[in-house]
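> The following block contains the structure, expressed as structure tokens.
The values are calculated or read from the model by the stated rules, or taken from the named source; none is laboratory data. Note that this is a predicted model, so its numbers are computed, not measured. Positions of Cβ are generated from backbone atoms using ideal geometry, with glycine treated the same way; all protein chains shown enter the neighbour counts. Ligands, DNA and RNA are excluded from the accessible area calculation, which covers all protein heavy atoms including side chains. Shrake-Rupley method; radii C 1.70, N 1.55, O 1.52, S 1.80 Å.
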Amino acid sequence: MGLDYFLFIGYLFLFSWLLTRIGLFRHSGLNNAQLIILFLLKVIAGIFYGWVGIYYGYFAYMYDTWGLHNTSVDELQLLYDNPREYLTNLFYSGYEGGYGGFFASSDSYWNDLKANIFIKLLSIFNLFSFGNYYINVIFYSFLTMIGPVMVYRVMSDVFPGKKWAVLIGVFLIPSFLYWSSGIHKDGLTFTAIGLVAYHFYFGLKQGRFSFGRILYLSLGLLILLAMRNYILMLLIPGLTAWYLSHRLNKKTGRVFLIVYGLSIFLFFTLPLVSDSLDFPAAVANKQAAFMRLEGGSGLKVEKLDPSLQGFIRNTPQALVNSLMRPFPADIKHMLSMGVMLENIFVLALIVLLLFCRDKTTSLNRPFIWFCYFFGFTLLLTIGYTVNFQGAIVRYRSILLPLAITPLLAGIDWIRLKKAININIK
């Protein structure tokens, strides 16, 4: 047995033990066995993700993960060869435009930043794994346990007495488990969302934001700035509406509609103030950048015109692609088959919620409104810009715990079970 195997087993035991010792996990409401099992599931999913990246990469839009890993090995070598370059190359731009082009899709410091930071993180992992991809999966799985645990703690507070519904919704939705566990930016993105949601929720509940809580909130927002800057922009109206509706108790729906209505107005009128605030053009340019790429799951989409009429015209297409894909005709491998079955499962949950609602569980809370408004705008953004089925599924996976957990918690499973038993008898 080689050194890599001993390291893999040793690190697996080490991080499993750490889960039972660190306060964030110990106070999560999950016992040690549950934490370790969930962690091991993430490791297994991350290993499978890497395997798919080798053997199924083109059709599943999965070839990036090994590209990032291989580049991180070179980045670690840079540390040995030129430590100064290694320590500073994140902070300078080699483009003529300098640090402009915040939303640009090419020749932009900001567009490159997400990959560069992620590669730097992986290079640090490589110091301890000796460049072994699958050992890095253990490190990354531990790091990205933070986001789901924080969301679990929020959802458990929102839905007391619904432990298993919350656990399944936050941790065990297959496509979320798969995409957030693999070595790519999605797990880190969800961790940032979890940081923001957790500290914002409990800050509002406690009526104060301590210095430490503000630091963690800032960290989450900075990670989003680096990893997915458009998600940061989408969070602004969501957090604003959440905060105002909390302060203006019992006016949640009205507040969210007003804030988002004003946000839509600003989205289309700010370009009149400055070209640097031309958000419609940024979305259209992002779509154009995706349309120039090649991949095995490309979809035919109508080009987005950066005007109000253009966005209205493309909205049905955007929603169909981001909400309903893949169709049966889109299925090319087991992964897409699994996603289609998952979509059917979500539709079934919506039907069950309509006909078997738990009347003791309230879904009319600012946090739940935030989940659905933020999720809807993110789905629209994905639908407007992305024309690859694999990428659509990957990008939307981070929404699933926020969207599915309230459905699972809102269903009266006891009444449903009794109804099924009566019909069987």
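> Of the numbered conditions (1) exposed (fewer than 14 other Cβ atoms within 10 Å of the Cβ); (2) in a helix (DSSP H, G or I); (3) at pLDDT below 90, Val351 fails exactly one; give the number of that condition.
So Val351 meets the others, but not (3).
> If you go through segment 125-147 one residue at a time, do you hit one that is over 30 Å from Asp4 (Cβ atoms) and of a type in the set (Gly, Ala, Ser)?
Checked segment 125-147: no residue is over 30 Å from Asp4 (Cβ atoms) and of a type in the set (Gly, Ala, Ser).
> Is it the case, given these coordinates, that Phe373 is of a type outside the set (A, V, I, L, M) and either without any contact (Cβ under 8 Å) to a residue 24 or more places away in the chain or crowded, with 21+ Cβ neighbours inside 10 Å (or both)?
Here the answer is no, as Phe373 does not meet what is asked.
> Determine which member of the set Ala115, Ala104, Ala60 is buried (at least 20 other Cβ atoms within 10 Å of the Cβ), at pLDDT below 90 and of a type outside the set (Asp, Glu).
The match here is Ala60.
> Can you pull out the residues in segment 252-268 that are more than 30 Å from Ser362 (Cβ to Cβ) and open to solvent by less than 50 Å² (accessible area, probe 1.4 Å)?
None - no residue of segment 252-268 is more than 30 Å from Ser362 (Cβ to Cβ) and open to solvent by less than 50 Å² (accessible area, probe 1.4 Å), so the list stays empty.
> Looking only at segment 1-19, count every residue that is part of a helix (DSSP H, G or I) and without any contact (Cβ under 8 Å) to a residue 12 or more places away in the chain and tell me the total.
7
> Would you confirm, using the coordinates I've provided, whether Ser362 is surrounded by fewer than 22 Cβ atoms within 10 Å (Cβ to Cβ) and in a loop (DSSP other than H, G, I, E, B)?
Judged against the criteria, Ser362 is a match.
> If you take the residues in segment 324-336 that are in a helix (DSSP H, G or I) and open to solvent by less than 80 Å² (accessible area, probe 1.4 Å), which one is farthest from Lys205 (Cα to Cα)?
This residue is Asp330.
> Of everything in segment 121-139, what is surrounded by 17 or more Cβ atoms within 10 Å (Cβ to Cβ) and not aromatic (Phe, Trp, Tyr)? Give them in sequence order.
Those that are surrounded by 17 or more Cβ atoms within 10 Å (Cβ to Cβ) and not aromatic (Phe, Trp, Tyr): Leu121, Leu122, Ser123, Asn126, Ser129, Gly131, Asn132, Ile135, Asn136, Val137, Ile138.
> Among the residues of segment 179-190, count how many are in a helix (DSSP H, G or I) and open to solvent by less than 10 Å² (accessible area, probe 1.4 Å).
The total comes to 6.
Yes/no matrix, rows are residues, columns are (1) exposed (fewer than 12 other Cβ atoms within 10 Å of the Cβ); (2) modelled with pLDDT of 90 or more; (3) among the basic types (Lys, Arg); (4) within 24 Å of the chain's Cα centre (by Cα):
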residue	(1), (2), (3), (4)
Lys250	yes, no, yes, no
Leu270	no, yes, no, no
Asp278	no, no, no, no
Asp305	no, yes, no, no
Ser322	no, yes, no, yes
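> While we're on this one: Looking at segment 208-236, which of the residues that are basic (Lys, Arg) and part of a loop (DSSP other than H, G, I, E, B) is most open to solvent (accessible area, probe 1.4 Å)?
Among those that are basic (Lys, Arg) and part of a loop (DSSP other than H, G, I, E, B), it is Arg208.
> With the condition kept exactly as written, say whether any residue in segment 378-388 is modelled with pLDDT under 90, in contact with a Gly (Cβ under 8 Å, 6 or more places away or on another chain) and either open to solvent by less than 30 Å² (accessible area, probe 1.4 Å) or farther than 24 Å from Arg313 by Cβ (or both).
Checking segment 378-388: at least one residue is modelled with pLDDT under 90, in contact with a Gly (Cβ under 8 Å, 6 or more places away or on another chain) and either open to solvent by less than 30 Å² (accessible area, probe 1.4 Å) or farther than 24 Å from Arg313 by Cβ (or both).
> Further question: Yes or no: segment 366-377 includes at least one residue that is farther than 26 Å from Gly261 by Cα and either in contact with a helix residue (DSSP H, G or I) (Cβ under 6 Å, 6 or more places away or on another chain) or part of a helix (DSSP H, G or I) (or both).
no
> Which condition number in (1) assigned to a helix (DSSP H, G or I); (2) closer than 30 Å to Trp66 by Cα is the one that Val166 fails?
Failing condition for Val166: (2).
> Okay, moving on. Is it true that Arg292 is surrounded by 13 or more Cβ atoms within 10 Å (Cβ to Cβ) and under 27 Å from Lys114 (Cα atoms)?
So Arg292 fails the test.
> Please determine, by comparing only the residues of segment 63-96 that are part of a loop (DSSP other than H, G, I, E, B) and open to solvent by 60 Å² or more (accessible area, probe 1.4 Å), which one is modelled with the highest pLDDT.
Asn82
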